[in-house]
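Structure, as structure tokens:
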Amino acid sequence: MDLIKQLINGIQVGSIYALVALGYTMVYGIVKLINFAHGDFIMVGGYVALTVIPVLVSAGLSPWLCIIVAILFCALLGMATERVAYKPLRGAPKISVLITAIGVSLFLQNLFMLIFSPNPKPFPNFLDYPPLALGENFQISFVTLLTILLSLIIMVGLQFFIQKTKMGKSMRAVSEDPGAAQLMGINVNRTISVTFAIGSGLAAVASVLYCSAYPLVEPTMGSVLGLRAFIAAVFGGIGMIPGAMVGGLLMGVVESLTKAYISSQMSDAVVYGILILVLLVKPTGLFGKNVREKV
Amino acid sequence: MKKFFAMAVAAAMLLSALTGCSSEPSQNSSSGEQSSSAQGIEGAVKIGMLAPLTGDVAVYGTAVRNGAMLAFEEINAQGGLQFDVEVLDEKGDVNEAINAYNKLLSNEIAALLGDVTSKPSIAVAELAAEDNMPMITATGTAADITTKGDNIFRTCFMDPTQGKVMATFAKDSLQAQKVAIMYNTSDDYSVGVATAFKEAAEAAGMQVEAYEGYGDSDKDFKAQLTTIAGKDVDALFVPDYYNKVALIIAQAREVGYDKAILGADGFDGVVGAVAEDNTAILNNVYFSNHYSTSDESETVQNFLSNYQAKYNETPNSFAALAYDTAYILKAAFEKAGSTDADAVIAALAATDYEGVTGHITFDENGDSVKDISVIEIKDGQYTLHSKVTM
């Protein structure tokens, strides 16, 4: 029974990692950029929800709408960041773009410290619904349930979107070869914008779920979560969408089981030790393809 | 012959240089002491303060600054000995604290009031011990701070004391048989209190069913808490600061743990870190603290009303400790009659002061000897449960 509870704990954290990892992996797949500001989009989403919830409640609307507002805001922020910070550097060496990404991350953190002060703020408990009871001594909280189900739906939806829709096809084409995609009449700029919008929107969903489960919002909250999700993306094979999902979920479960059954004092060492072993055996990650670099 | 002469001269020069070295400073310092104690204190005494005014533990730093500044303003308004206080923000970070300390040192402070949290306090204490700088921390609870040198004092009680008190409380007031402990593996304060609690609990015949750690950047504690909830313990002890504690309590209640949660003075401020519609999770939470606002004594009530008037909020225990510390410093400088480090240190060691946080004397290590209050949180309010004399 305890094992099942621990698995559910792990899947909940893992789902959030997976949602964030998807953003990293989609952006990497299409522009070969590790968007280090992605973690901070989560933080922005958290503050947007925090600010919007009281407004929604006083306007007599459901606080659930904060998810929509956060998604819209983060999607716009993602597109704007791409347009302002990354697009002008598209031909530049990769290291310049990477450093720009770190710059954007620092800019967002400090901007929000200025606006909201560096002190953590409690997040309202708007998902206060009774837990799902599965027998005595065994219940799953509403937030956990919502996180797991919503992430599942989003992941399936995203997979469908990438495989079946026209925009999804253009994304895959741009990811394969942007030059050839442009020659085939695909609007590369628009495709990249949409990718950023979707990735950032996912971060916004993750952020509302994350803040509900861990109810404190602070300007630096994105850096650690972002880093872990990035590791999950690498673990699954960066650039591969199923890789990010599986990588995120696996990492959450491994983390939770390590803390419960091996050692809570050494959990980080054990988790990252396992990751290093996996990457030694399969350097491109679980789902990574071995593509030889073109010279 | 020439060579021999040269060597002899060189040897003589060396000898005179050596004796010069050994005799001169002692002469200097003795004459310096005499002149300064004869003259008394001229002008304002320069006090340096270190406090985290921004960052994770800013609530503590701001409270310490406010409490100390209130006291110094009162002292300066009374006439007599005047104090000139410089406060530097160290953001709760060890490196920032060391830089800030060096800056204060170059501004020639006569004594240091600080630091606020344990980790930076230990780092600064190490430097202050080398410089023989009179240092008194209002709130640094780690055992290692005052052991760095005889020039270091503390107004609050120590980590081990809090662990012991809460273990006794769990046994006597909660009749606990089985307890669990969760602590932050990368924080001296958390480790220190947890270790003391564990030892005291085992000595009192309670079973420690779980002794779990977590990392500084962790936000998810459900794995550990699920394990603990499954062990049917009577009390969970979590010695950490309020932001972490708010997350841990929320998740503990989420995984179905509804028994008592115990903590130390880091819990002060936890009510503000929980959304107002959610304070029910804080019921059945107890922690050790330095004073209680429901204390009726005149000193406490005066302090409360003055603080309220100046800052428009209720002072937490950090503000109270800082307030007492400022008065302890004032008394020490008056008694020493000079800003000479050794005289001030001797005067501090002989402190016997009745303050907001109780009657304070220092033992041979520079640690305070005083009462501890156990606070219970009821419907989002801190209430005094009982007072323990150590």
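Summary of computed values
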read-out: The stretch A:159-168, residues that are within 18 Å of residue A:199 (Cβ to Cβ) and not polar (S, T, N, Q); value: A:160, A:161, A:162, A:167, A:168
read-out: Yes/no for residue B:219 being within 11 Å of chain A (Cβ to nearest Cβ) and under 18 Å from residue B:170 (Cβ atoms); value: no
read-out: Unmet criterion (only one of (1) at pLDDT below 80; (2) not in a helix (DSSP H, G or I)) for residue B:43; value: (1)
read-out: Residue within the stretch A:25-42 that is in contact (Cβ under 8 Å) with a residue 24 or more places away in the chain, within 14 Å of chain B (Cβ to nearest Cβ) and farther than 20 Å from residue A:145 by Cβ present; value: yes
read-out: Total residues in the stretch B:368-388, condition in contact with a helix residue (DSSP H, G or I) (Cβ under 9 Å, 6 or more places away or on another chain) and surrounded by fewer than 21 Cβ atoms within 10 Å (Cβ to Cβ); value: 8
read-out: Selection from the stretch B:122-144 of residues that are assigned to a loop (DSSP other than H, G, I, E, B) and within 19 Å of residue B:350 (Cα to Cα); value: B:132, B:133, B:134, B:138
read-out: The stretch B:224-242, subset more than 17 Å from residue A:215 (Cα to Cα) and of a type in the set (A, V, I, L, M), residue farthest from the other protein chains (Cβ to nearest Cβ); value: B:235
read-out: Pair list, Cβ < 7 Å and 6+ apart or interchain, from the stretch A:218-229 residues that are more than 9 Å from chain B (Cβ to nearest Cβ) to residues that are part of a loop (DSSP other than H, G, I, E, B); value: A:219/A:118
read-out: Enumeration of residues in the stretch B:243-276 that are in a helix (DSSP H, G or I), more than 8 Å from chain A (Cβ to nearest Cβ) and under 20 Å from residue B:118 (Cβ atoms); value: B:244, B:245, B:248, B:265, B:266, B:267, B:270
read-out: Contacts under 7 angstrom Cβ, first residue in the stretch B:48-61 being at positive phi, partner of a type outside the set (S, T, N, Q) and modelled with pLDDT under 85, 6 or more apart; value: B:55/A:118
read-out: Helices (runs of 4 or more DSSP H) (entirely within the stretch A:76-177) containing at least 2 residues that are within 12 Å of chain B (Cβ to nearest Cβ); value: A:94-116, A:142-164
read-out: Count of the stretch A:230-287 residues which are without any contact (Cβ under 8 Å) to a residue 24 or more places away in the chain and in a helix (DSSP H, G or I); value: 14
read-out: Pairs with Cβ under 8 Å, 6+ apart, first in the stretch A:197-214 and aliphatic (A, V, I, L, M), second not in a helix (DSSP H, G or I); value: A:213/B:220
read-out: Candidates B:279, B:293, filtered to the one that is touching a residue at least 24 places away in the same chain (Cβ under 8 Å), in a loop (DSSP other than H, G, I, E, B) and more than 9 Å from chain A (Cβ to nearest Cβ); value: B:293
read-out: Some residue of the stretch B:230-243 being surrounded by fewer than 23 Cβ atoms within 10 Å (Cβ to Cβ), basic (Lys, Arg) and in contact with a helix residue (DSSP H, G or I) (Cβ under 9 Å, 6 or more places away or on another chain); value: no
read-out: Leading residue by the ranking (surrounded by the fewest Cβ atoms within 10 Å (Cβ to Cβ)) among those in the stretch A:97-122 that are in contact (Cβ under 8 Å) with a residue 60 or more places away in the chain and farther than 23 Å from residue B:91 by Cα; value: A:98
read-out: Residue check for residue B:327: in contact with a Pro (Cβ under 7 Å, 6 or more places away or on another chain), over 23 Å from residue B:173 (Cα atoms) and more than 14 Å from chain A (Cβ to nearest Cβ); value: no
read-out: Sole exception among (1) within 14 Å of chain B (Cβ to nearest Cβ); (2) touching a Cys at 6+ places or on another chain (Cβ under 9 Å) for residue A:255, by number; value: (2)
read-out: Residue A:46 vs. criteria more than 29 Å from residue A:287 (Cα to Cα), part of a helix (DSSP H, G or I), of a type outside the set (A, V, I, L, M, F, W, C) and within 14 Å of chain B (Cβ to nearest Cβ); value: yes
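Residues are listed down the side, and each one gets a yes or a no for (1) touching a residue at least 12 places away in the same chain (Cβ under 8 Å); (2) under 16 Å from the mean Cα position of the chain (by Cα); (3) not in a strand (DSSP E or B):
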| site | (1), (2), (3) |
| --- | --- |
| B:353 | yes, no, no |
| B:361 | no, yes, no |
| B:365 | yes, yes, yes |
| B:372 | yes, yes, no |
| B:377 | yes, no, no |
| B:385 | yes, no, no |
| B:388 | yes, no, no |
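The values are calculated or read from the model by the stated rules, or taken from the named source; none is laboratory data. Just so it is clear, the model here is predicted, and its values are computed rather than measured. Positions of Cβ are backbone-derived with ideal geometry, glycine not excepted, and every protein chain shown enters the neighbour counts.
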